[in-house]
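Only one structure is covered here, and it is reproduced in the block below.
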Amino acid sequence: MNFDLPVIAPSILAADFTKLGEQINECTHAGIKWIHCDIMDGHFVPNISYGPVIVQSVRRTAPEAFIDVHLMIENPDLFIEDFADAGADLITVHYEACPHLHRTIQNIRLHGCMTGVAINPATPVELLRPILSDVDLALIMSVNPGFGGQSFIKSSIAKLQQLAELRSLLGTHFLIQIDGGVDPENIQHLAQERTDVFVAGSSVFKANNIGKRIHELTQKARVGAGKIV
Ligand code: DX5
Ligand code: ZN
């Protein structure tokens with residue numbers, strides 16, 4: 001994995017599924033190398049999205065892309081193999097859904113995928129400390145998981161700062177991802193907090209021009225991160 005950070009990861013949850021292939025192609029033509037897939041089970045979150053079949057379609061449409069599967073489901077261990085087989089490069093599970101988190105993370109790695117852990121808005125960052133050396137990515141949810149199109153929860157900024165501080169303190173190298181309500185208005189500011197991966201659903205797929213919006217988000221994230229002035 002060799003990315004020019006920070007990266008924009010469109011969440012296909014907000015895509016028009018009657019033209020999913022077309023819209024994914026618009027993303028990759030605009031330089032997208034990372035795609036975010038939101039899996040919801042109607043139990044851990046109050047919504048149902050899609051399963052491994054769609055992830056497999058994304059993999060076929062964008063064979064070169066890095067596919068990040070965000071599992072908002074109970075008992076994620078039951079489905080890790082299915083998503084790994086469908087083509088996931090990285091699988092993220094929720095801290096709140098995993099009583100045996102370390103084992104679940106090991107299980108993801110055993111299936112050949114990179115590993116991620118997510119926390120909900122009301123879960124403190126400090127709880128992640130024991131697992132941070134074992135994951136490739138930590139995800140701060142900036143909306144309550146379950147739906148696209150919600151407003152960014154402002155207290156998530158302090159959580160990004162705490163996570164970045166913990167990363168320096170522990171000397172670990174996991175990526176920091178933010179998910180929920182990311183848009184052209186807030187992305188530059190968020191990028192100043194050493195955020196590496198910005199998930200963006202509605203702000204990408206509900207835009208009049210997907211490619212233009214991706215360029216705008218990428219540019220603003222890079223300015224915020226100090227990569228360009
Ligand atoms: C929320 C999902 C997000 C969501 C982001 O449960 O994890 O990935 O699709 O969508 P927007 O960018 O519309 O908030
Ligand atoms: Zn997500």
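The values are calculated or read from the model by the stated rules, or taken from the named source; none is laboratory data. All values derive from a computational prediction rather than experimental measurement. FYI the Cβ positions are ideal-geometry reconstructions off the backbone, even for glycines, and counts take in every protein chain you see.
Is it the case, given these coordinates, that Gly171 is small (Gly, Ala, Ser) and either within 25 Å of Ser49 (Cβ to Cβ) or touching an Asp or Glu at 6+ places or on another chain (Cβ under 6 Å) (or both)? Before you say what the answer is, go through the steps one by one.
Values: small (Gly, Ala, Ser): yes; either within 25 Å of Ser49 (Cβ to Cβ) or touching an Asp or Glu at 6+ places or on another chain (Cβ under 6 Å) (or both): no.
No: the conditions fail for Gly171.
Only residues that are charged (D, E, K, R) and touching a helix residue (DSSP H, G or I) at 6+ places or on another chain (Cβ under 7 Å): list them for the range 17-41, please. Quick ask: steps written out before the conclusion?
Step one: list which residues in the range 17-41 are charged (D, E, K, R), which gives 19, 22, 26, 33, 38, 41.
Selection gives Glu26, Asp38.
Within the range 193-215, work out how many residues are more than 17 Å from Ala138 (Cα to Cα) and in contact with a helix residue (DSSP H, G or I) (Cβ under 9 Å, 6 or more places away or on another chain). Explain how you work it out, then say what you get.
In the first step, residues of the range 193-215 are kept if they are more than 17 Å from Ala138 (Cα to Cα); the result is 201-215.
Filter once more, so that each one left must be in contact with a helix residue (DSSP H, G or I) (Cβ under 9 Å, 6 or more places away or on another chain): 201-207, 209-211, 213-214.
Result for the range 193-215: 12.
Which condition from (1) in contact with a Gly (Cβ under 8 Å, 6 or more places away or on another chain); (2) closer than 17 Å to Val45 by Cβ is the one that Leu71 breaks?
(1)
Looking at (1) modelled with pLDDT of 95 or more; (2) over 17 Å from Val125 (Cα atoms), can you tell me which one Lys159 breaks?
Exception for Lys159: condition (2).
Within the range 183-200, identify whether any single residue is at pLDDT 95 or above and closer than 22 Å to Thr18 by Cβ, and answer yes or no.
Yes, the range 183-200 contains a residue that is at pLDDT 95 or above and closer than 22 Å to Thr18 by Cβ.
Can Val93 be described as closer than 20 Å to Arg194 by Cα, in contact with a Ser or Thr (Cβ under 9 Å, 6 or more places away or on another chain) and buried (at least 20 other Cβ atoms within 10 Å of the Cβ)?
When the stated conditions are applied, Val93 does not pass them.
Residue-wise test of (1) free of Cβ contacts under 8 Å to residues at least 24 places away in the same chain; (2) within 22 Å of Asn2 (Cα to Cα); (3) of a type outside the set (S, T, N, Q).
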position	(1), (2), (3)
Arg109	yes, yes, yes
Met114	no, yes, yes
Ile119	no, no, yes
Leu127	no, no, yes
Ile131	no, no, yes
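Within the range 178-202, which residues are within 16 Å of ligand 2 (Cβ to nearest atom), of a type in the set (S, T, N, Q) and out of contact with any Gly (no Cβ under 7 Å at 6 or more places or on another chain)?
Thr195, the sole residue that qualifies.
Please pick out the residue among Ser155, Ser151 that is within 17 Å of Val182 (Cα to Cα), within 16 Å of ligand 2 (Cβ to nearest atom) and of a type in the set (S, T, N, Q).
That would be Ser151, the only listed residue that is within 17 Å of Val182 (Cα to Cα), within 16 Å of ligand 2 (Cβ to nearest atom) and of a type in the set (S, T, N, Q).
State all residues of the range 39-86 that are within 16 Å of ligand 1 (Cβ to nearest atom), among the acidic types (Asp, Glu) and more than 20 Å from Ala14 (Cα to Cα); if no residue qualifies, say none.
Glu74 - this is the single residue of the range 39-86 that is within 16 Å of ligand 1 (Cβ to nearest atom), among the acidic types (Asp, Glu) and more than 20 Å from Ala14 (Cα to Cα).
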